[in-house]
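The structure under discussion appears below in the form of C-alpha cells.
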Amino acid sequence: MRQTDLQPPGVRQPGPRRAELTPRDWLHRNSTPFLLGAGMLLVAGVTWLIGESLVERIVTVMFIDVILVLALQVFMGNSGILSFSVAGFMGIGAYGSVLFSMTPAAKAAALPDLYAFLAPVHLPFVVSLLLGGLIAALVAAVVSYPLMRLSDAAGVITIFSLLIIINVVLVHWSVVTNGPRTLFGVDRYTYLGTTVGFAVAFLGVAWWFKESRVGLRLRASRDDAHAASSIGINIVAMRYAAFVLSAFMAGFAGALWAHFITSFSPYAFYLSAMFVFLAMLVIGGPNGVSGAVVGTVLVTVLREGLRSIENNVNMAHLLPGGLFGFTEIVLAALLIVILILRPGGIMGGTEIRWPPAGGKPGSTGGPGGTGESPRV
Amino acid sequence: MITLEFIINALSLGSTYALLALGMVIVYGILKLVNFAYGELIMIGGYSLFVLSLGPRLPWFVMAVLAVGVAVLTSWLTERVAFRPVRDKSLTAMLITSFAVSTLLQNAALLIISPRARAVPLPSLFSESVVLLGQSVPWRNILAIVTSVVLLLLLVVLLRRTVLGIALRAAADNFRMTRMLGIPANLVISLAFAISGLLAGVVALFWVGRTASVTPTIGAAPLLVAFVATVIGGMRSLEGAVLGGYVYGIVFSLIGVLLPQALLEFREAFMFIIVILIILFRPEGLIRGGAPSRRAG
C-alpha cells in the first residue's frame, strides 16, 4: 500500500496516514457519502409522509437517475472522457433483467418467438436486477478494452458509436426485445424504498471507487495523462475498470427502471435520455460524487417544474400549436450557460463534507485531485 | 446488377455524403470539435424551405438560396453564441456544448413549428426522370452529383487561391502557428463555421428532396453519415473527408444490393463497427492529414 509512490507531480500528497488521523480529520474525509446518503433518505422519508402518488413517482425516478448519473460519474468524472454509452447499458440492463423476471405466461404473450431456453425461466426480482447489471457489465467487459486507449475526439466518437450499435441491436433483435415496439407485461417490483436503498448503496460504491487506488490513479491520468503514465500507471486498465463498473451500475439502474415503468421501448435508452443524464452530471459537477447527486436533484426539480408549465399551457390551449420541447430548450440553454460560466459545475469538483477541514496544512480538500481538469 | 442507374445513384449518394463530411471536417480540423449540432443545420435548411413556402410565391431557386443562407447564418450564430465562449475550456466542455446546441435547435423546431412532418416545396424536376442509355435515372440524383462537383470545385478555388482560404487551410493544419503569423483566430473559425453551414444547407436541399418533408429529428441520420464518412476518410484532411464521403456512399449502396435482407436491418450497426475498427487500427483514415496538432483555443 505504498500509495505515495504512485503520486504523480501535481496531485496533492495524501495527508497523514490513516493511523495518525484525528477523528475530526477522518470525518472530514469520509463524511460525504454519509451526508448525501442521509439527505437522500430524508427526501425519501418526507416523500413517503406526504403520500402523494405523483410526488412519489417523481422521487422514485429521481433516485434511479441518481444511480445512472453516478454511473456516468464513475467513468466520465474520474477519467475525463465524455461517455455516451450509459443510456445504452441502461437499456441492456433493462431488457436483460426483464427476460428473467417476467412470468412465462407474460413472455409467451409479449415475446412469442423468444428462445426456448429463456421462455420458462422465472427468477426473483433481486436476482433479475443483479443479472441485468451483470449482463451490461459483461457486454462492456467484452467490447470496451480496446476503446479505452482512445481519448478526446476519437474516444468520444467510438463510445458514441457504441451507443448507436447497442440501440440498433435493441431495435432489431425482435426475438428478445419485441423490436422497436413497446415491450409490455413486466411486473412492477420497484418502489420508492427499493430505489432509495439502491441509490444510497451505489453512492457508497461510487465514492469508494473514486477514493480507491484505481480511482486515484484514474483521476491522476485525467489531470495529466503523460505524468501518470510516466510513473507507471496503466491508464487503459484503470479506465477499463471504471467503464465496466459504470456499465454495471447503469445496467442495474436500467433494471430497476424497467420494473418501475413496466412497459418501454428501445428509444427510451437513446440520445434524449443521454442528454438528461449528461445535463444532470455537468450541471452538478462531473468531478465529484456530490456534484452527481446535487445535479440530479436540481435538474429533476427544474424539469418537473418546467414540464408542469408545459402541461398546463397545453391543457389550457394557450398556444395554437402547443408547447412542446420547452423543457429541453431551457435545460440545454442552462447547460451551455453553466459550461460558459462555471465549467466545473455547481459543485466545481468539491465534495460536501462536514466538519470543515481542520487547521493542519495538507488536510484541506481531502485526498486526491479535486478541482477541474486542467485547461488544455 | 451494376447498371448505369446504380452507378448514378451510388455517386449521388456519395456526393451528398462527401459534402456532409467536408462540412464536419472543416470545423473539426480547426477546433477538434465533433459538432453534434451539425445535423440540425440540415433540419434548419429544410424548415427554412417550408417556412418560405408559406410566404409570397418565390421561384424555387430563390427559396433554396435563402434556405442555404439561413443554414449558414445558424452555423455562424452557434459558433458566436455557444462555441466561442467555451473554446478555451476543455474539449469535453465543447463537445457537451455542441450536444446541448443540437438538443436546443431540435426542440426549438418542435416548439416553434410542430413535432409532425411538414411538406417542403420542391421543383418538379426533382420528381422527374431522364432516360439514359435505356435506363431511367432520376434528375434529382444527377443534380446532386453536378451540384456537389461544382461546389467542391468552387471550394478548391476558395481554399487554394484566396488569402482567406489559405489561412483556413493553414489553421486546419496548425492553428497555433497560424495565429502566431497574425491570422485572426475568430475570423478563421467563423469562416469555417460558415462554410460548414453552407455545405449543410446544400445537402439539406437534396436530403429533404428525397421525402419532400422535414421533421425535427431529420438531422440525426446525416450527422451519423458525416461521422462515418469522416472517420473513413481521415479526420485531419479535407481531401480525405471528400473521399470518405464517396467511399461511404458507394459502399453503402453496394451493401444494400449485396447483403441479405435479414442482415440489412443491422446495416447501421455494421457501419459503426467499421468506424470503431478504423479508429482503432487506422486512426488516420484513408488519407493521412498533417501532423497531429493541438486544438485551437
14 Å tail of the calculated P(r), the range B:218-261, as % of Cα pairs: 52
Starting from the Cα of A:ILE58, step 7 Å toward the Cβ, then list every residue of the range A:308-324 with an amide N under 16 Å from that point. A:308-313
Here FRET efficiency (C-beta to C-beta, B:VAL150 to B:VAL130, R₀ 22 Å, nearest 0.05) is 0.75
Measure off 7 Å from each Cα along the Cα-to-Cβ vector at B:VAL157 and B:ILE255, then give the distance between these two points in nanometres to one decimal. 3.7
Provide the descending list of Cα extents for the range A:277-361 along its principal axes, expressed in whole angstroms. 64, 24, 17
Quote the Stokes-Einstein diffusion coefficient, in whole µm² s⁻¹, for the range B:1-42, based on the Kirkwood radius over alpha carbon pairs, a temperature of 10 °C and a viscosity of 1.306 mPa s. 134
Per-residue mean of C-beta atoms belonging to partner chains within 10 Å, peptide B:77-88: 2
Using 0.36 nm per residue of separation minus the Cα-Cα distance, give me the extension gain between B:THR211 and B:GLU265 in nm, one decimal. 17.4 nm
Report Rg (one decimal) and Dmax (nearest whole number) for chain A, counting Cα atoms only, units Å. 21.3, 69
Most fluctuating residue given options A:MET76, A:MET148, A:MET315, as computed from a GNM of chain A linking Cα atoms under 10 Å: A:MET315
Cα-based Rg (one decimal) and Dmax (whole number) for the range B:1-131, in Å? 17.5, 55
Using a 10 Å cut-off around each Cβ of peptide A:160-171, what is the average number of partner chain Cβ atoms that fall inside? 5
Quick one: plug the Kirkwood hydrodynamic radius of the range B:124-265 (C-alpha pairs) into Stokes-Einstein at 37 °C, 0.692 mPa s, and report D in µm²/s. 186
What is the calculated FRET efficiency for A:LEU341 to B:ILE274, with r their C-beta to C-beta distance and R₀ = 41 Å, to the nearest 0.05? 0.55
Here the whole-number average of other chain Cβ atoms within 10 Å per Cβ of A:314-327 is 3
Quick one: if you stick a label point 7 Å off each Cα along the C-beta vector at A:VAL301 and A:ARG213, how many nm between them? 4.1
Going by average Cβ density within 10 Å per residue, which order do the peptides B:73-86, B:225-238, B:190-203, B:147-160 take, highest to lowest? B:225-238, B:190-203, B:73-86, B:147-160
How would you classify the range B:214-288 from its alpha-carbon gyration tensor, with a ≥ b ≥ c the square roots of the eigenvalues: rounded for a/c under 1.5, else prolate if a/b is greater than b/c, otherwise oblate? oblate
Proximal charge balance of B:THR16 [Cβ under 12 Å; K/R count +1, D/E count -1]: +2
Averaged over all directions, how much area does the convex hull of the C-alpha atoms of the range A:64-214 cover when projected, in nm²? 9.5
Ratio of the Cα radius of gyration of chain B to 2.2 N^0.38 Å, where N counts its residues: 0.99
Net charge, A:LEU150 excluded, C-beta distance under 14 Å - Lys, Arg +1, Asp, Glu -1: +2
Tell me the label-point distance for the pair B:SER53, B:LEU181, using the 7 Å Cα-to-Cβ offset, in nm and rounded to one decimal. 4.7
Proximal charge balance of A:LEU323 [Cβ under 11 Å; K/R count +1, D/E count -1]: 0
In the range A:86-148, how does Rg compare with the Kirkwood Rh, expressed as the Rg/Rh ratio over alpha carbon atoms? 1.05
Given a Förster distance of 41 Å, report the FRET efficiency between A:ALA38 and A:ARG149 from their Cβ-Cβ distance, rounded to the nearest 0.05. 0.55
For the range B:121-204, taking Cα atoms only, what is the radius of gyration to one decimal and the Dmax to the nearest whole Å? 18.3, 59
For the range B:173-232, take the convex hull of the Cα atoms, compute a quarter of its surface area, and give me that in nm², please. 5.5
At 25 °C in a medium of viscosity 0.890 mPa s, the protein assembly as shown has a Stokes-Einstein diffusion coefficient, with Rh taken as the Kirkwood radius over alpha carbon pairs, in µm² per second, of 93
Sum -39500 (n - 2.57) across every DSSP H segment of at least 4 residues in the protein assembly as shown, then divide by the residue count to get the 222 nm mean residue ellipticity, nearest 500. -22000 deg cm²/dmol
Pairwise centroid distance, computed over Cα atoms, of the range B:12-60 with the range A:272-337, Å: 27
Arrange the peptides B:6-16, A:128-138, A:245-255 so that the one whose residues have, on average, the most other Cβ atoms within 10 Å appears first. A:245-255, A:128-138, B:6-16
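Quick note: the coordinates plus some simple rules give every number you see, no bench work behind them. None of the values given here were measured: they were computed from a predicted structure. Reconstructed Cβ throughout: ideal geometry from the backbone, glycine too, with neighbour counts over all protein chains shown.
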